[in-house]
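Enquirer: This structure is in structure tokens; I'll ask about it shortly.
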Amino acid sequence: MRDVDATGPAPASEALTAPEHVRTTRVGVLRRQLQQFLAFASLIALILFFSIADDNFLTWSNITGILLSTAVIGILALGTTFVIVSGGIELSLGTGMTLAAVMTGVFLTNLGWPLLLGVVAGILSGAAMGLINGLNIAVLRIPPFIATLAMMLIAQGLALVISGTAPIYFTDVPGFTDISQGELIPGVDLPNAVLILFALTALGAIVLRKSLLGRYAFAIGSNEEAADISGIDVRRWKILIYTLSGVFMGIAGVVLAARLNSAQPALGLGYELQAIAAVVIGGTSLQGGKGSIVGTLIGALIVGTVTNGLRIMSIPQEWQTVIIGLVILVAVYTDNLRRGRDG
Amino acid sequence: MRDVDATGPAPASEALTAPEHVRTTRVGVLRRQLQQFLAFASLIALILFFSIADDNFLTWSNITGILLSTAVIGILALGTTFVIVSGGIELSLGTGMTLAAVMTGVFLTNLGWPLLLGVVAGILSGAAMGLINGLNIAVLRIPPFIATLAMMLIAQGLALVISGTAPIYFTDVPGFTDISQGELIPGVDLPNAVLILFALTALGAIVLRKSLLGRYAFAIGSNEEAADISGIDVRRWKILIYTLSGVFMGIAGVVLAARLNSAQPALGLGYELQAIAAVVIGGTSLQGGKGSIVGTLIGALIVGTVTNGLRIMSIPQEWQTVIIGLVILVAVYTDNLRRGRDG
Amino acid sequence: MGQRQLTCAVTSLPSGSSDLLTVKSTSLGQPPPRTGRAVNAQLVRVDGVSKTFPGVRALSDVSLTLDAGEVHALVGENGAGKSTLMKILAGIHHQDEGTVAIDGRVVEIDSPTAAQDLGISIIHQELSLMPDLTIAENIFIGRERRRGFGLFVDDADLNRRARELFDHLGIALDPRAKVGSLLVAQQQVVEIAKALSFDARIIIMDEPTAALTESETHALFGLIGDLKRHGTGIIYISHRLEELAAVADRITVLRDGACVGTLAARDADLRQVVSMMVGRQLRGQTRPPSLPGDLPTVLEVRGLSTKSLLKDVSFSLRRGEILGFAGLMGAGRTEVARAICGADRTDGGEIFLSGRRVRVSSPADAARLGIGYLSEDRKRFGLMLDQDVAFNIVASDLRRHVNAAGLVRDDQVRQTARRYVETLSIRTPSIRQRTKHLSGGNQQKVVIAKWLARDCEVLIFDEPTRGIDVGAKEEIYSLLRTLADEGKAIIMISSELPEVLRMADRIAVMCEGRLTAVLDNADADQETIMTHATKLVPGGGVAA
Amino acid sequence: GGDDDGGGESTDGGDGGGDRPQIALVSKGFQHQFWQAVREGAEQAAEEFDVEVTFEGPDSESEVAQQIDMLQAAIDRGPDALGFAALDSQAATPLIEEAASRDIPVIAFDSGVESDVPLTTAATDNTAAAALAAEHMVELIGGEGQVALVVHDQTSVTGVERRDGFVEYIEENAPDVEIVDIQYGGGDHLESTNLATAIIQGNPELDGIYGANEGSAIGVVNAVNELGMAGELVVVGFDSGQAQIDAIRSGVMAGAITQNPVGIGYETVRAAVQALDGEELPETIDTGYFWYDANNIDDAEIQAVLYE
Ligand SMILES: Nc1ncnc2c1ncn2[C@@H]1O[C@H](COP(=O)(O)OP(=O)(O)OP(=O)(O)O)[C@@H](O)[C@H]1O
Ligand SMILES: Nc1ncnc2c1ncn2[C@@H]1O[C@H](COP(=O)(O)OP(=O)(O)OP(=O)(O)O)[C@@H](O)[C@H]1O
Ligand SMILES: [Mg+2]
Ligand SMILES: [Mg+2]
């Protein structure tokens, strides 16, 4: 054994680990990049299939139709990716979005606030619900499933109460529908709702990968206890994560209201499952610790594309449901195979 | 002081027999029993509250009404407790139940099978869906959320396809509605659906606590990898667990059909969340490894009681939703407090 | 200096570390000690600390001091309270009674961050890393350099710092690799690097070498030497008592949550330490008696290969024999075990049980065939931490505890559990205690009990004595021997060569996925084994 | 929507013990505007006749079991009279009979209940109303071409009747009109919008599209607007609500069928009051349905049955 009194740093010959592991890791990085690329595979396959099956599928106007129909669920899914990466779950997405839309209606139509202020306030009401979820989960230690289930019911009821169980229209709010339906990029026929989805994807990807919040979401989802004893303020970050998801919920509410030109108080139940499904199909694990924003977008697009394709083909609706179920199974199974092969 | 070479009883009995430890353990057992009892606390509190608030609440007919309205969700929740204890999730509960009801209709009404055979076949069709879930999860390694989400969609579609999108009535099947509506115990005004719920609770509690399947569900839910390395055939037991949940799904389908005297093909979506909520309110952890059947029954009864009580009190429906959300929060929070205190 | 306040009664001996150490080199990149304070000042003083968990008095009236530049070893049986005391210093638990003073000032350490702020860092006994994060992210979690209004992580900086740290420590790991993809030993190294990265003045090492082989242990001692010269105080916990002579300045012994005494390491005699720990003398080490040559072969492995590592591993195992597996970290010993018990897919090879070819495609198959595997990673593959001791002990043998109706007989379960709690001296308040709340070594014993209860013909023990105290080790050794004498065939994988030499009838040595030698105990010594473990012997694997 | 005066405190009266008679209405829906208009009519009548009305309904028209639970609770509450819009009348038979055995008069509304128990039925004929929509559709597309349907529900009585009434009319009276697609959007505005978009994309030759309830019709309007096809497609709707009224005024929607939901609610409560007073009731109370378009939307008769 080495003598304690020996000087100098530990010589390299007594390295703590053998060097061949470094090699394995580099190969791992390459593989991961390949995976990112391959994740599109199911989506591409679906697009190809429908393009061949129906002439009306691959038109610009139908593509924007798919993107537009993915926008709301997509935005919800982006936000909840953070929650799921951190090992949580968020069931109040759908009705929370509806309540945010109703609040936007209250601010803009009932109270007549200026557009920007009303929209921001609407988004903040989404954030407020997220904050309450976060507090219930992190401070009162109510399991996320229960806390957000309760919020789902509360938001559902409040949306009806606040709106007086009638839709709130934005007819008197000039410019509001442009938030979803306008086309910001001149010459390109792409509705703003789609641009918002893409912009939020880019933003979300950066936040998840590069920000402290994203990093800590992974840490908490990976091993909450370890994160805690590493000195991370788990409580505070959980609250922030749910609040962020609430912000996305608020944005989805505004985009939805702008698309429908109204806040429909009875909408939204069931959207949470669709959003969570998009996240999971996109490769994020419900166990937490693993996930990607781009994956979530792809997951949402897979569902949007199948739904649209089957509708374009006029498949009877009862069969559509069956087929979507099967496609989800196959998509995730092949994804598993691919991952299994690589790792 | 002991010696390694010494033979005879190992001295570790010190730890076991040291008086203070034993005392603590007895106290622990006592506490646990007290907890079982206290778990009723929220339920009792609710019942008391509603009894005082409304004269029509504590009538025999309303009590059986509550039990009857809890029966279907309760049966689903019992079955899925096994899945959740094993660390899984089951989203196809609602529509799977519907498909089982439709199949029962096909067997009994369309094909004219004898009552018992048709009912058993209906239950087995539930089991078959559970089996497929189990195979997808255990053999193809598709995450439970996705596998059962897909099954949820497939069952939803198939129920419509098979029924021809119209309800199947059991008017020509004598005795069928007695399965739910009859009263087996003479003189006691308690519908069979309620008796079935109680019988399944008793059975389920024994299976979860005492059978190999139940034990292995706990083992798999606690640490699947360790269960595997311990020589537990994780695949096989998972398949059985989902199949068992499918059997409960089938029974729920038959009970529902007998209650409605019809198989309603469009029903069921959303029941899965209610059932899972009952399980979680009953103290079973979505992380797996913890849970109890009696807790699940109590969880289901809590939701059933609040819903009924608010209806009896004629609270406006939009507020009912809000209040149920709040009650769930409070019930789980106080339950947490209680557990927290006990360690 | 400060040891005067020691309240430990029995054998308080003068400290051996009162030499002034002046900092000259800063090769570790550590800041020089804060000015204005003597380097050999008393860093930590623990006074009369007690801690009770439900049903367990983990610490009672413990006192301890740590000087700058000192390595203070803490030893004691499993469950003696070592980790609990350290967790109090690290801000994870809080003491019920007593005080902790840092730099002579009484402090409340109420969170891990508070501990970090006081300059305390800890290598946890139970690995506490986040498997989905990279090595660099794990090491600097909570201490990332931020960019962009403090919202974003500077990943380039993170990786650079990690690489610098690794260069200093001589660690050859890619900081960008996911921790979840590392071997246990590599994770242990990451834990060590993480603790050292704090530039802490007080470093707690809770069994840092439990998962390491000798060369890494050696390197760690080198690092400890450097740290000491920089005035860092180290509390060092280990069950490998022979290490103490090499690193420790003082040794404090805990028993049943109380201090038994403190000795100067240079005056200490190992046997004395052991007897303070366990209250008795241990038998000296011996080699196993040679076995008769005509024992029937129970397990035969031919040409075992896996895609990732193993190449053509062949050996046989005889009834009543203990076959030791030695090798460096990553040599493939665990992989051989996992392949045999069906936990990993193999790429080729055949397994024969008593001459009959068997297919093992899952651990369940293996268990059915009478092969049991005790994993080296008890937390991940061994225990159901949320379940109680009894549940874990019968987990693999539950089938034999059911009645005719197929229902579990809990009275029998309790009986079995009690029996093994006694046989293995598992220190637990009751068999209904959750294994999560047991000390590390007692958790290990529970895993061992699980396989003893199953009664397999072939038992593969992967690092069975990891984290187990000397006394219990002896018990496990004699237990293994008894099992062998009863006719079981045993494979014992161990990174402690003395242990292998002491226990194994034959010793299989692995290097880079190949079996390089199978030696009879009589022909083996540490040097021969190391030769075979570090270079491939021409001609490849040796059939046994 | 009508503000509720919080019926909580006044229920302890139970069986006729209270000051005002209790009339419990269990409808087929709650959140949708149509049902809110029914509730409004019921509350108007409640005020007029000085009775207490409660109104509840399941989350969607497929929730037969939820409706049964609501009906059970409503009966257990001990109301003086019961109004019931059955999602599935067979499923409700035992409870309807239980109400009868407790001497609670039952009034059916919106659609009939196959039982002798209800004293009368206040409803519109959905099949005939849908046929009227089809008649206008055929006329508006010039007697030939392709049409598609966006329906709210595949299994519920209203969904089926509004689909079949439309389809059957076309099959019988317009051989040159082809029905190319029928899809179901659950009455969800967003879902129906996405659905209608896909139908229009998938059928470039489409001439007309029919939305079978408010959410479905608005979905079609949204899709047509988003695709910039206003005026190119004939859109025919069902029910009213501000968005449909606006769409008709702006020309995006050619016209729609409206029932008289306010009237349904009103007549139901009035019939209940009459039953409590021991008056004779007619077998059915036809509340009527109307075609409305840009020409007649401001007529007093139409304005009376529209709701926003
Ligand atoms: N969180 C806890 N809850 C209950 N009991 C605990 C908890 N942590 C530790 N204990 C108990 O406290 C005692 C001391 O445990 P500790 O982990 O400090 O032992 P140790 O000396 O580190 O042992 P080892 O050498 O096995 O690691 C043990 O009996 C253990 O069961
Ligand atoms: N859990 C694992 N994850 C990834 N790779 C593993 C894992 N287990 C084994 N390996 C692979 O197997 C090789 C050999 O590791 P193994 O654990 O068998 O070595 P060992 O000789 O038992 O060493 P030790 O147990 O001391 O780390 C490693 O280099 C690694 O590539
Ligand atoms: Mg310890
Ligand atoms: Mg190993």
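Enquirer: If ligands, DNA and RNA are left out, what is the accessible area of residue A:141 with a 1.4 Å probe, given in Å² to the nearest 10?
Expert: Approximately 150 Å² of residue A:141 is accessible to the 1.4 Å probe.
Enquirer: Could I ask something else about it? How long are the semi-axes of the equivalent ellipsoid of region A:75-212, taking √(5λ) for every eigenvalue λ of the Cα gyration tensor, in whole Å from largest down?
Expert: Equivalent-ellipsoid dimensions as semi-axes: 27, 22, 11 Å.
Enquirer: Here is a further query. Which parts of region A:267-302, residue by residue, lose 50 Å² or more of accessible area when the rest of the protein chains are there, as against the chain isolated (1.4 Å probe)?
Expert: By number: A:273.
Enquirer: On to the next question. Which number do you get for Rg(Cα) / (2.2 N^0.38 Å) in region C:380-455?
Expert: The reported ratio for this selection is 1.01.
Enquirer: A further question on this structure: Going 7 Å from Cα along the Cα-Cβ axis for the label, what nanometre distances separate residue B:189 from the same residue across the other copies?
Expert: 6.8
Enquirer: Just to confirm the numbers: residue B:225, label point 7 angstrom along the Cα-Cβ line, distances to the other copies in nm, shortest first?
Expert: So the distances to the same position in the other copies read 1.4 nm.
Enquirer: Taking only protein heavy atoms into account and a 1.4 Å probe, give the accessible area per residue of region C:34-109 in Å².
Expert: 33 Å²
Enquirer: Most fluctuating residue of A:249, A:129, A:97 in a GNM of chain A with Cα springs under 10 Å: which is it?
Expert: Result for chain A, Cα springs under 10 Å: A:129 fluctuates most.
Enquirer: Separate question: What residues qualify as long-range amide H neighbours of residue B:292, i.e. H under 5 Å apart, gap of 5 or more or another chain, H built at 1.01 Å from N?
Expert: B:284
Enquirer: If you don't mind, another one. Principal axis extents for chain C, Cα atoms only, whole Å, descending order, please.
Expert: Sorted largest first, the three principal extents are 74, 51, 49 Å.
Enquirer: Could you please state how large a percent of the accessible area of region A:120-266 is carbon and sulfur, counting protein chains only and using a 1.4 Å probe?
Expert: Using a 1.4 Å probe with all protein chains present, region A:120-266 comes out at 65 percent carbon and sulfur.
Enquirer: Determine the order of D:305, B:303, C:106 by accessible area, beginning with the largest, at a probe radius of 1.4 Å.
Expert: In descending accessible area the options line up as C:106, B:303, D:305.
Enquirer: How do D:136, C:239 rank by accessible surface area computed with a 1.4 Å probe, from largest to smallest?
Expert: Greatest to least solvent exposure: D:136, C:239.
Enquirer: So what's the angle, to the nearest 10 degrees on a 0 to 90 scale, between helix B:115-138 and the longest Cα principal axis of chain B?
Expert: 50 degrees
Enquirer: Turning to a different aspect of this structure: In Å², rounded to the nearest 100, what is the total accessible surface buried by chains D and A against each other with a 1.4 Å probe?
Expert: 2700 Å²
Enquirer: Next question, about the same structure. Counting only protein heavy atoms and rolling a 1.4 Å probe, how much accessible area do A and C lose on contact, total for both sides, in Å² to 100?
Expert: About 4100 Å² of accessible surface is lost on pairing.
Enquirer: A follow-up question, please. Just tell me, in residue order, which DSSP H segments of chain D are both 15 angstrom or longer along the helix axis (alpha-carbon based) and at least 0.5 in mean Kyte-Doolittle hydropathy.
Expert: D:64-76, D:126-140, D:261-276
Enquirer: Taking N as the number of residues in the protein assembly as shown, what is its Cα Rg relative to 2.2 N^0.38 Å?
Expert: With N residues counted in the protein assembly as shown, Rg over 2.2 N^0.38 Å equals 1.01.
Enquirer: Another question about this same structure. Out of B:311, B:259, B:235, any idea which swings most in a Gaussian network model of chain B, alpha carbons joined below 10 Å?
Expert: Per the Cα network of chain B with a 10 Å cutoff, B:311 tops the list.
Enquirer: Oh, and also: Using a 1.4 angstrom probe, figure out how much accessible area region B:190-298 has per residue, in square angstrom, rounded to the nearest whole.
Expert: 25 Å²
Enquirer: Just to be sure I understand: if you take the accessible area of chain A alone plus chain B alone and subtract the pair, with a 1.4 Å probe, what total do you get in Å², rounded to 100?
Expert: Approximately 3200 Å², summed over both chains.
Enquirer: Something else now. With springs only between Cα atoms under 10 Å apart, run a GNM on chain B and tell me which of B:134, B:214, B:175 wobbles the most.
Expert: Highest fluctuation of the listed residues: B:175.
Enquirer: Further, regarding this structure: Would you pull out the residues with amide H under 5 Å of residue D:25's amide H, same chain only if 5 or more places away, H placed 1.01 Å from N?
Expert: D:54, D:55, D:56, D:83
Enquirer: Something else now. State the percentage of accessible surface on region D:133-208 attributable to carbon and sulfur atoms; use a 1.4 Å probe and exclude ligands, DNA and RNA.
Expert: Roughly 38 percent of what the probe reaches on region D:133-208 is carbon or sulfur.
Enquirer: Hey, another quick one. Per residue, how much accessible surface does region C:380-455 expose to a 1.4 Å probe? Answer in Å², no decimals.
Expert: 36 Å²
Enquirer: Roughly how far apart, in whole Å, are the Cα centres of region B:277-302 and region C:398-424?
Expert: About 27 Å separates the Cα centre of region B:277-302 from the one of region C:398-424.
Enquirer: Keeping all protein chains in position, work out how much accessible area residue D:200 exposes to a 1.4 Å probe, and write it in Å² to the nearest 10.
Expert: Roll a 1.4 Å probe over it and residue D:200 shows about 10 Å².
Enquirer: Using helices alone, what [θ] at 222 nm do you get for the protein assembly as shown, with -39,500 (n - 2.57) per DSSP H run of 4 or more residues, divided over all residues and rounded to the nearest 500?
Expert: Helix contribution divided over all residues of the protein assembly as shown: -16500 deg cm²/dmol.
Enquirer: Right, next: In whole angstrom, and with the biggest value first, how far do the Cα coordinates of region C:129-198 range along each principal axis?
Expert: For region C:129-198, the Cα spread along each principal axis is 38, 25, 18 Å.
Enquirer: For residue C:420, what accessible surface area do you get with a 1.4 Å probe? Give it in Å², rounded to 10.
Expert: The accessible area comes out at roughly 30 Å².
Enquirer: While we're here: If amide H atoms are built 1.01 Å from N in the plane of the peptide, which residues on other chains or at least 5 residues away come under 5 Å of the amide H of residue C:327?
Expert: Sorted by chain and number, the residues that satisfy this are C:510.
Enquirer: Angle, helix B:317-342 long axis vs. longest principal axis of chain B, Cα atoms, 0 to 90°, nearest 10?
Expert: The angle comes out at about 20 degrees.
Enquirer: With a Förster radius of 35 Å, plug the Cβ-Cβ distance of residue D:128 and residue D:98 into 1/(1 + (r/R0)^6) and report the FRET value to the nearest 0.05.
Expert: 0.60
Enquirer: Report ³J(HN,Hα) in whole Hz for each residue of region C:374-389, in order, from the Karplus equation J = 6.51 cos²θ - 1.76 cosθ + 1.60 where θ = phi - 60°; Gly and Pro get x.
Expert: 9, 6, 6, 9, 5, 5, 7, 10, x, 10, 9, 4, 7, 9, 7, 4
Enquirer: Which order do the peptides C:309-321, C:215-227, C:199-211 take when ranked by the mean count of other beta-carbon atoms within 10 Å per residue, highest first?
Expert: C:199-211, C:215-227, C:309-321
Enquirer: What are the ³J(HN,Hα) values, in whole Hz, obtained from phi via the Karplus relation 6.51 cos²θ - 1.76 cosθ + 1.60 with θ = phi - 60°, for each residue of region A:270-275 in sequence order, with x given for Gly and Pro?
Expert: 3J(HN,Hα) across region A:270-275, in whole Hz: x, 5, 4, 5, 4, 5.
Enquirer: For region C:41-92, what number results from the quotient of the Cα radius of gyration and 2.2 N^0.38 Å?
Expert: 1.18
Enquirer: Sorting check: for C:42-52, C:107-117, which peptide has the highest mean count of neighbouring beta carbons within 10 Å, and how do the rest follow?
Expert: C:42-52, C:107-117
Enquirer: Let me ask another. Using alpha carbon centroids, what distance separates region D:156-184 and region C:52-89, in Å?
Expert: Computed from Cα coordinates, the inter-centre distance equals 81 Å.
Enquirer: Dividing the Cα radius of gyration by the Kirkwood radius, what Rg/Rh value follows for region A:56-342?
Expert: Answer for region A:56-342: 0.98.
Enquirer: Working from Cα positions, state the angle (0 to 90°, nearest 10) between the long axis of helix C:440-454 and the longest principal axis of chain C.
Expert: Approximately 10 degrees, to the nearest ten.
Enquirer: Work out from phi, with θ = phi - 60° and the Karplus expression 6.51 cos²θ - 1.76 cosθ + 1.60, the ³J(HN,Hα) of each residue of region B:174-185, listed in order in whole Hz, and give x for Gly and Pro.
Expert: With coefficients 6.51, -1.76 and 1.60, one gets x, x, 5, 5, 4, 3, 9, 8, x, 10, 5, 7 Hz.
Enquirer: Could you please state, rounded to a whole Å, how far the C-alpha centre of region B:100-176 is from the C-alpha centre of region C:92-135?
Expert: A separation of 56 Å, based on Cα centres.
The values are calculated or read from the model by the stated rules, or taken from the named source; none is laboratory data. Given the structure is predicted, the values throughout are model-derived calculations rather than measurements. Neighbour counts run over all protein chains shown; Cβ positions are idealised from the backbone, glycine included. Side chains included, ligands, DNA and RNA excluded: accessible areas come from the protein's heavy atoms. Shrake-Rupley method; radii C 1.70, N 1.55, O 1.52, S 1.80 Å.
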